[in-house]
Amino acid sequence: MKLKSLRSHFQLGQRSVFLFAFTFLVQLASIAQFYPDKTDYRLGISFGLSPSRSLGTELEKPSFKTGIQSGIFYRFRLNPILHGEANFDVALRGSKFKHSKDDYYQQLNLILVEAPLLMLFDLKKKTEQNFILAGLAPSYLAQSEFYIIPEPTGRDEFRNFGLSKYNLGLVVGYHRNTYYNGWRFTATYSLLNMNDGLELPDILPATGKGGDIRILAFAVQTYF
């Protein structure tokens, strides 16, 4: 499969996630309190931007690329200051690389399905406005692909090759709630090494060194 068709497939996935999120945002925008009246739970959606980059010793000269993160959540009150939250997200992440020569890898794109399990701590008892949060995010790698210079030359093995399917992320962040919506700022770090024998044949810089590959991702999201 040529690299151009891989790019088209990835862009189609981006458009689908955006359309899904936009449709539900319109439907739910009128009921965006932290909890509906006289209840201790809430089901809603989230959508936002997610800059990310690779870390570790296997891939060289990484830099940030911007993707999106969208999903649904279930939040519940445990006591006046402590809240639990379960999420189901689709995240488009990866990394760019500062290479400009032919036959060098230039970009890594990842489509992740995540299930963050979080605890939210109210910074002022019962106000339900400002929270710090922390938790773990199990994830499944639905698709990965490397872009190689020059485009559109490519090989099938550059897609879904050499990266482990399952991982676990550490999530920390801050949540600010308003009457109409919530705003959340998070950082997620891969606790497990993603390298599962990655070696891109005849591509530079050389891979197959057995080094670490981890992803650091930030997110700015709105919650409804």
Whether any residue in the range 138-152 is more than 23 Å from the chain's Cα centre (by Cα) and part of a strand (DSSP E or B) is what I want to check. no
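Would you be able to say whether some residue in the range 184-192 is over 22 Å from LEU49 (Cα atoms), surrounded by fewer than 20 Cβ atoms within 10 Å (Cβ to Cβ), modelled with pLDDT of 90 or more and not polar (S, T, N, Q)? First the steps, then the outcome.
So in the range 184-192, the residues over 22 Å from LEU49 (Cα atoms) come out as 192.
Next, from what is left, pick out any that are surrounded by fewer than 20 Cβ atoms within 10 Å (Cβ to Cβ): 192.
Filter once more, so that each one left must be modelled with pLDDT of 90 or more: 192.
Still in the running and not polar (S, T, N, Q): 192.
Looking for residues that are over 22 Å from LEU49 (Cα atoms), surrounded by fewer than 20 Cβ atoms within 10 Å (Cβ to Cβ), modelled with pLDDT of 90 or more and not polar (S, T, N, Q), one finds at least one in the range 184-192, hence yes.
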Looking at the structure I just gave you, is LEU82 surrounded by fewer than 19 Cβ atoms within 10 Å (Cβ to Cβ), free of Cβ contacts under 8 Å to residues at least 60 places away in the same chain and touching an Asp or Glu at 6+ places or on another chain (Cβ under 8 Å)? yes
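This table checks each residue for (1) in contact with a Phe, Trp or Tyr (Cβ under 6 Å, 6 or more places away or on another chain); (2) within 25 Å of THR207 (Cα to Cα); (3) surrounded by fewer than 20 Cβ atoms within 10 Å (Cβ to Cβ).
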site	(1), (2), (3)
ARG93	no, yes, no
TYR105	yes, yes, no
ASN109	yes, yes, no
ALA115	yes, no, yes
LEU123	no, no, yes
Condition first: surrounded by 13 or more Cβ atoms within 10 Å (Cβ to Cβ), of a type in the set (Phe, Trp, Tyr), over 12 Å from the mean Cα position of the chain (by Cα) and at pLDDT 90 or above. Can you find one or more residues in the range 54-69 that meet it? yes
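Of all residues in the range 42-53, count the ones that are charged (D, E, K, R) and surrounded by fewer than 14 Cβ atoms within 10 Å (Cβ to Cβ). First the steps, then the outcome.
So the first thing to find is which residues in the range 42-53 are charged (D, E, K, R), and the list is 42, 53.
Restricting the remaining residues to those that are surrounded by fewer than 14 Cβ atoms within 10 Å (Cβ to Cβ) gives none.
Counting residues in the range 42-53 that are charged (D, E, K, R) and surrounded by fewer than 14 Cβ atoms within 10 Å (Cβ to Cβ) gives 0.
State all residues of the range 90-112 that are of a type in the set (Lys, Arg) and more than 12 Å from ILE68 (Cα to Cα); if no residue qualifies, say none.
Taking the range 90-112 first, the residues of a type in the set (Lys, Arg) are 93, 96, 98, 101.
Within the range 90-112, LYS96, LYS98, LYS101 meet the criteria.
Just need a number here: residues in the range 37-87 that are charged (D, E, K, R) and either assigned to a strand (DSSP E or B) or within 17 Å of VAL113 (Cβ to Cβ) (or both). I'd like the intermediate steps shown before the answer.
Within the range 37-87, the first condition is being charged (D, E, K, R), and the residues that meet it are 37-38, 40, 42, 53, 58, 60-61, 65, 75, 77, 85.
Among the residues that remain, those that are also either assigned to a strand (DSSP E or B) or within 17 Å of VAL113 (Cβ to Cβ) (or both) are: 42, 53, 65, 75, 77, 85.
The total comes to 6.
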Of everything in the range 98-129, what is without any contact (Cβ under 8 Å) to a residue 40 or more places away in the chain, assigned to a strand (DSSP E or B) and of a type outside the set (A, V, I, L, M)? Give them in sequence order. none
Using the structure shown, decide if GLY210 is out of contact with any Lys or Arg (no Cβ under 6 Å at 6 or more places or on another chain), of a type in the set (Gly, Ala, Ser) and at pLDDT 90 or above. no
Selection within the range 159-177 - surrounded by 13 or more Cβ atoms within 10 Å (Cβ to Cβ) and either in a loop (DSSP other than H, G, I, E, B) or charged (D, E, K, R) (or both): ARG159, ASN160, PHE161, GLY162, SER164, ARG176
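Scanning the range 88-142 for residues that are of a type in the set (Asp, Glu) and at pLDDT below 90, which turns out nearest to ARG159 (Cα to Cα)?
ASP103
The values are calculated or read from the model by the stated rules, or taken from the named source; none is laboratory data. Predicted, not measured: the structure shown is a model, and the values here were computed from it. Quick reminder, even Gly has a Cβ in these numbers, built from the backbone with ideal geometry, and neighbours come from all protein chains shown.
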